[in-house]
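A.B. asks: My structure is below; once you've seen it, I'll send some questions.
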Amino acid sequence: MADVVYFSVDVEASGPVPGLYNLVSIGAVPVGRDGEFWKPEDQRFYVELKPIGGGFDPQAMAVHGIPRERLESRGAPADQAMRGLSEFVERRLRRGGGRAVFVGHNVAFDWSYISYYYVLHGLPNPFGYKALDIKSLAMGRLRIGWFETSKDRLETLLPSVPRQDLTQAHSADYDALYQAHMLCALLNLP
């Protein structure tokens, strides 16, 4: 596992699927070994993206609370945001070697947006087509069912995970860090 650098990635979006909706923000935190244990690293990545079209579901927009007007006026162009994420991943890999692994809590949603945006802008995905799902990992490591893998439940089952700050939840940078703590707790189980 020494050749692996996990990247906890979280995205916020304007709706349930890429192509029809916009990627709103991306947060990423690398997770590496510190001696025998896994821990979130100090580097962080966060960007808000200018919409590329598509829809804006009012319920999805209410979840993250980032106004469309702010994204349109201050968001990074999508291709620039994706290049920024790639550069962040590449800088970390140059520092310590290894291969990048995309990690998310319910990873199908987050990875699908990231992958779609890379393909749309003709950029290589530094994570490839593989991703690690925290919910699935928790099922195996804790021997629990799918519906027991919510963040709230994992916080209870993994005492080393800090309490979730609900005032910051659904902010991609905060959620990426929180998920990194969950991943580390699962990887560090005896």
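A.B. asks: When DSSP beta bridges are limited to those with both residues in the chain, what percentage is antiparallel, rounded to the nearest 5?
C.D. replies: 60
A.B. asks: Could you work out how far the C-alpha centroid of region 19-62 sits from that of region 161-187, in angstrom?
C.D. replies: 12
A.B. asks: Would you mind telling me which residue in PRO124, PRO40, PRO18 has the biggest mean-square fluctuation in a Gaussian network model of the chain, where springs connect alpha carbons within a distance under 10 angstrom?
C.D. replies: Comparing PRO124, PRO40, PRO18 in a Gaussian network model of the chain, the most mobile one is PRO124.
A.B. asks: Let me ask something additional. Only loop residues by DSSP count here, and only those with at most 10 other Cβ atoms within 10 Å; note down the chymotrypsin sites (Phe, Trp or Tyr not before Pro) in region 82-182 that meet that.
C.D. replies: TYR129
A.B. asks: Is the shape of region 4-187 rounded, prolate or oblate, going by the alpha carbon gyration tensor and its root eigenvalues a ≥ b ≥ c, with a/c under 1.5 for rounded and a/b larger than b/c for prolate?
C.D. replies: Because a/c hits 1.5 or more and a/b fails to exceed b/c, region 4-187 counts as oblate.
A.B. asks: Oh, and also: Given the Cα-Cα distance of LEU142 and ALA169 and 0.36 nm per residue of separation, how much length would full extension add, in nm? Let's see the in-between values first.
C.D. replies: Numbers: separation 27, 0.36 × 27 = 9.72 nm, distance 2.39 nm.
Between LEU142 and ALA169, full extension yields 7.3 nm more.
A.B. asks: How many lysine pairs are close in region 4-187, with Cα atoms under 26 Å apart and the two 8 or more places apart or on different chains?
C.D. replies: Close lysine pairs found across region 4-187: 5.
A.B. asks: Same structure again: Which of the helices in the chain, when you take each full DSSP H run, stretch at least 20 Å along the axis at their Cα atoms and have an average Kyte-Doolittle score of -1.0 or higher?
C.D. replies: 78-96, 172-187
A.B. asks: Still on this structure, I have one more. Counting every Cα pair in region 94-190, what percent are over 21 Å apart?
C.D. replies: That tail contains 38 percent of the Cα-Cα pairs.
A.B. asks: Another one. Kirkwood Rh, region 48-88, all Cα pairs: how many Å?
C.D. replies: Across region 48-88, the inverse of the average 1/r is 11.0 Å.
A.B. asks: Sticking with this structure for a sec: Which ³J(HN,Hα) values in Hz, rounded to whole numbers, follow from the phi angles of region 29-41 under the Karplus curve 6.51 cos²θ - 1.76 cosθ + 1.60, where θ = phi - 60° and Gly and Pro get x?
C.D. replies: For region 29-41, the Karplus-derived couplings read 9, x, 10, x, 7, 10, x, 8, 10, 8, 8, x, 8 Hz, x marking Gly and Pro.
A.B. asks: Right, here's the next one. Would you mind telling me which residue in ARG44, ARG33, ARG143 has the biggest mean-square fluctuation in a Gaussian network model of the chain, where springs connect alpha carbons within a distance under 10 angstrom?
C.D. replies: Evaluated over the chain, the most mobile residue of the options is ARG143.
No lab work stands behind these numbers, since they all come straight from the coordinates. Remember, predicted model here, so these are calculated numbers, not experimental data. For neighbour counting, all protein chains shown are included, and Cβ atoms are generated from backbone atoms with ideal geometry for every residue, glycine included.
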